[in-house]
Each structure stands twice: as C-alpha cells, then as structure tokens.
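Worksheet: the structure to be examined is printed underneath.
The values are calculated or read from the model by the stated rules, or taken from the named source; none is laboratory data. Everything quoted here is computed from the prediction, not taken from an experiment. Cβ placement follows ideal geometry from the backbone for every residue including glycine, while neighbour counts extend to all protein chains displayed.
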Amino acid sequence: MMQLLRDARLVCAKDLRIEIRARIVIAQVLPFGALVLILFAFTLDADSSVLPTIAPGLFWITVLLSSILAVGRSMAIETDNGARDGLRLSAMDGGSIFLGKVGAVVAELLVLEVLLLSGTFALYDIAARGWLALIATSLAATIGIAATGAVYGALAAGAKVRETLVPLLVLPVCAPVLLGATKAFESALHGRSGEAWPWIQLLGVFAALYLTAGFVAYEALLEEA
Amino acid sequence: MIVSVRSAVCVLGRFPALAGADLDIAVGEIVLLSGPNGAGKTTLLRMLAGLVPIRSGTASVLGSNLVADRRSHRRRLSFIGHDTFCYDDLTVAENLRFAARAAHASRDAASNAAEQFGLGPLAGIAHAKLSAGQRRRLALAVAFAREPELLLLDEPHAGLDAEGRDLLDNLLRSAPRLGQTVLVASHELDRTRTIATREVRVVQGLLEGGLVGSGSTAARSDSEAAAIS
C-alpha cells in the first residue's frame, strides 16, 4: 500500500513538474476559461438579473470545458517519445499511475477553479457565501471530473481521433457532476448551505465510483491503448 | 534459460511479424540479432518486453510465462526501442530519477547511470533541448538506471558519436560480469559481433540459430568473450 502511494506521488509530481515547466494550464486553459466566462456575460447581458442566478451553472460549464483541455494535456504528455511504453515498462501498478495522474489534474483544476471563481464573483456580481459547502463541492466535483477524464482519456489514447473522442466520452458522463455541483453552488451562494450537502454527497459517490473503476481498470486500459 | 521461446507468433495488424520463432538465451549471454529491415527483430524484442502479445506459441522471460502474464517480468528488464521513453519538459536528471524510481531501482542508480554515460554536464538540460545523439545517450542511461537483469536493445548504437559507441560497447562487455544478459538487434554487425557471444539471424519472422546447437553462429568463442570481459 505504501509503495502504491509512493508511486502515485511520483507520477503526480512528475505531471505537475511538467505542467509548471510547460505552463499549459496557466497560459492556455485559464485564458480559455476566462474567455468563456466573459462570453457568457456578454451573451446574457451583464446588467441582467439573470446572470447572478445562473452563475453557478455557467461556472461549472466553464470548469468542465476547461477540464477537457487539462485531461487532454495529461494524456498528451504520455504520447510523446513513447512515454506510455516507458510507464508500461516501469514497475508501477496501473492503479498507482491512475491515482497519480488524477492527483495532478485535480491540483491543476483546483488552481483553475480558484482563479475562475474569483472572476465569476467579480464579473457576475455575486457575494461569496457558504464557503465550506463551496470548498466541499469543488473538491468532490473536481475529483469526479479528473477521474472520469483519466479513465476515458486512457480509453481513447490509442485512437487516432482521441482529441475529439475524449470530449464526446467525458461530457455526457459528467452530466451528474454538472448538475450536482451547480445545485450545491446555488444553495451555498443563496445562503442555504444545508441544501447543498445532499448534492455534495452525490458528487462524492460519483467521484468514489470513478476513482474505484479507474483504479481497477487503468492497468488494462494502459495495456490496450 | 533466462529467455525461452517456442513457435511464437506475433501479429501486427494482419501481418505476422513473428511466424513461429524459437529462441533460448542463457544467463550472461550477449546475443546479437541480425537480419534485414522488417524481418521481425523489433517485434521480437517488444514481445520479450511484454509490449506485444503472443498470438500462439510459448514464451518464458525471467521465469514469467508471457502468454499468461506480460507484466510482472518488466521491472527486471530494460528495453530500448526507437523512442527515448523520456519527457520533453523534464531535465536529464529528472528523467533519469523518474525512470529509476519508477523501476524501484536503488537510490544511486540514476546518478550512477548519468555518470556512466557522461551526462553529468547535461543534468539540468531539458530532454527537448538535447541533440539526437544526446537523447540516445539518455535513453541508454535510463535503461541502465533501471538496474535490469535483461537488456533488450534495438539499434543501440544509432545516433551515438564514436565516444558514445565505445562507451556503450564497454558497458555491454561488462554486463555479464554484473549478472546481466543482453539481446541486441543491430545493423552494425562488425562492431556488435566483437561483443556478442552468439548471433541469431531473423529472416521473415523466423529465427536462424535461436536454439543453442541448432546451427547458431558463434560471434566469438567463449574464451574470447571471457578474455574481453
């Protein structure tokens, strides 16, 4: 068990170090997310009272779209120079590789969410409330999105059309995350944090489900890619 | 036998890249795989590394039955193919450290390998910024950093300068002394024959001289091998 966690930490640290060097999330994914938020604001009219009401949904749609880029990047770094074969030849268990890759994407997405959420509060004129529920929602939803992305990213890794296949696979599957996270954020931001927790539980179950499935199946997915 | 293959068939797409290969390799041997392009040398190496499944026949590598389990022996071998298996945005030192730790090698394995291949001055340079020859050196260093019992090398001299080639040859010569076994596919026959203890020729997916005593070509005698090592 300790070896498994050590290997997961090794993969996670490797992916994060690569991300810090390449700055894809900060230089490309974050501007993309910010642009989507601004376009939503333009489209729906910044003066409208509708904007604060639907802000949680818009925020999570933005996060979900941005996560596709982050997941794609996480898979792409294993494509160059035959790095995936390098991982297959390592002594690491597929489950630990999966946990490491999910951990790195979660860390990247959480940074992205903090920045995007600040933008959402400013652009959409929302008062921040229910911090505990907001944090719990973000954690559970982000783990769910990252785990789903890692599973389907590995599934599509061998396909020539993987860049377009991953969104087609991930977006429909993440519909419960989008719904749950939006509802939980709505409740928290409207001062009804108590109503957020059943949704957070749903997000937790989703995350646990995909973490378990990915942990078990990743070895086979890596071999077949 | 550290490698024992019988009637192995590997299919790439619809094409049988190996069409009933037989091969035995004993511990400490340095076996040269020769043969024309497309004969099946790379597929044989990838099959032994567990990266390509066997369609029929049997194969045992480092005690693992590859038909049933293509994974568990991998930590005990190193495979060098046409790719470096390295990450462009990581430095030479970081790539080596990652490979060594991922293979659960000893603490000093990465730094020892860097030293062996003269990569010390390049330790802080990203893989993406290395020349082709430097990348090849790094790939070889990664293979040795894993502290393998079996080295599967596909054209290891390609891209190396004269110094790098001599360095590699010396390391391969000393491999049996360290308990390592080497299977090397190469078109540089004159150079590799001076190192190899046996030559196996691959022709159209079949191996000539794969089994000891089946007409294998002695690259050099055992006494010569002992004298060199």
- Message: Regarding the range B:42-50, can at least one residue be identified that is at pLDDT 90 or above, among the polar types (S, T, N, Q) and closer than 17 Å to B:Val182 by Cβ?
- Response: yes
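Somewhere in the range A:114-137, is a residue of a type in the set (Gly, Ala, Ser), in contact with a helix residue (DSSP H, G or I) (Cβ under 7 Å, 6 or more places away or on another chain), within 21 Å of A:Val25 (Cα to Cα) and at pLDDT below 95?
Looking through the range A:114-137, at least one residue is of a type in the set (Gly, Ala, Ser), in contact with a helix residue (DSSP H, G or I) (Cβ under 7 Å, 6 or more places away or on another chain), within 21 Å of A:Val25 (Cα to Cα) and at pLDDT below 95.
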- For A:Ala104, state whether it is closer than 30 Å to B:Arg136 by Cβ, in a helix (DSSP H, G or I) and touching a residue at least 60 places away in the same chain (Cβ under 8 Å). yes
- Message: Suppose we keep only residues that are aliphatic (A, V, I, L, M), within 12 Å of chain A (Cβ to nearest Cβ) and more than 27 Å from A:Ile24 (Cβ to Cβ) within the range B:98-110. Which one would you say is surrounded by the fewest Cβ atoms within 10 Å (Cβ to Cβ)?
- Response: B:Ala105
- Item | Answer residue from the range A:27-39, given it is hydrophobic (A, V, I, L, M, F, W, C) and in contact (Cβ under 8 Å) with a residue 60 or more places away in the chain and is surrounded by the fewest Cβ atoms within 10 Å (Cβ to Cβ) among those | A:Ile38
- Query: Out of the residues in the range A:149-197 that are in contact with an Asp or Glu (Cβ under 8 Å, 6 or more places away or on another chain) and not in a helix (DSSP H, G or I), which is nearest to A:Ala136 (Cα to Cα)?
  - Reply: A:Ala157
- Hey, could you check the range B:133-157 for residues that are closer than 16 Å to B:Leu32 by Cα and in contact (Cβ under 8 Å) with a residue 60 or more places away in the chain and say which is surrounded by the most Cβ atoms within 10 Å (Cβ to Cβ)? B:Leu152
- Task: Look through the range B:80-97, keep the residues that are assigned to a helix (DSSP H, G or I) and buried (at least 24 other Cβ atoms within 10 Å of the Cβ), and return whichever of them is nearest to the other protein chains (Cβ to nearest Cβ).
- Result: B:Asn95
- Qualifying residue in the range A:40-60 (condition: surrounded by fewer than 17 Cβ atoms within 10 Å (Cβ to Cβ), within 14 Å of chain B (Cβ to nearest Cβ), assigned to a helix (DSSP H, G or I) and out of contact with any strand residue (DSSP E or B) (no Cβ under 9 Å at 6 or more places or on another chain)): no
- Task: Give the residues of the range B:27-42 that are over 16 Å from B:Pro148 (Cα atoms) and among the charged types (D, E, K, R), sorted by residue number.
- Result: B:Lys41
- Note on the structure: Across (1) more than 9 Å from every other protein chain (Cβ to nearest Cβ); (2) under 29 Å from A:Ala13 (Cβ atoms), B:Asn37 clears everything bar (2)
- Message: Show the residue pairs meeting these rules: Cβ distance below 8 Å; 6+ apart or different chains; first residue within the range A:57-81 and more than 30 Å from A:Ile126 (Cα to Cα); second residue of a type in the set (Ser, Thr, Tyr).
- Response: A:Ile77/B:Tyr87; A:Asp80/B:Tyr87; A:Asn81/B:Thr84; A:Asn81/B:Tyr87
- Message: If A:Met2 meets every condition in (1) over 23 Å from the mean Cα position of the chain (by Cα); (2) in contact (Cβ under 8 Å) with a residue 60 or more places away in the chain apart from one, which number is that one?
- Response: (2)
- Query: Checking A:Arg17 against (1) surrounded by 21 or more Cβ atoms within 10 Å (Cβ to Cβ); (2) in contact with a Leu (Cβ under 7 Å, 6 or more places away or on another chain); (3) of a type outside the set (A, V, I, L, M); (4) facing chain B (nearest Cβ under 9 Å), which single condition isn't satisfied?
  - Reply: (1)
- When you go through B:Ser56, B:Ser106 one by one, which is the residue that is polar (S, T, N, Q), in contact (Cβ under 8 Å) with a residue 40 or more places away in the chain and touching a strand residue (DSSP E or B) at 6+ places or on another chain (Cβ under 8 Å)? B:Ser56
- Message: If a residue counts only when it is touching a strand residue (DSSP E or B) at 6+ places or on another chain (Cβ under 9 Å) and at pLDDT 90 or above, which helices (runs of 4 or more DSSP H) contained entirely in the range B:149-229 have at least 1 such residues?
- Response: B:162-174, B:189-193
- Query: Under the condition of being within 10 Å of chain A (Cβ to nearest Cβ) and either of a type outside the set (D, E, K, R) or assigned to a strand (DSSP E or B) (or both), which residue from the range B:52-79 is nearest to B:Gly159 (Cα to Cα)?
  - Reply: B:Phe79
- Query: Looking at the range B:1-18, which of its residues are surrounded by fewer than 18 Cβ atoms within 10 Å (Cβ to Cβ), assigned to a strand (DSSP E or B) and out of contact with any Cys (no Cβ under 8 Å at 6 or more places or on another chain)?
  - Reply: B:Ser4, B:Arg6, B:Ser7, B:Val9, B:Val11, B:Leu12, B:Phe15
- So how many residues does the range A:75-95 have that are small (Gly, Ala, Ser), within 10 Å of chain B (Cβ to nearest Cβ) and in a helix (DSSP H, G or I)? 4
- Message: Looking at the range B:111-120, can you tell me whether even one residue there is within 13 Å of another protein chain (Cβ to nearest Cβ), touching a residue at least 24 places away in the same chain (Cβ under 8 Å) and touching a Lys or Arg at 6+ places or on another chain (Cβ under 7 Å)?
- Response: no
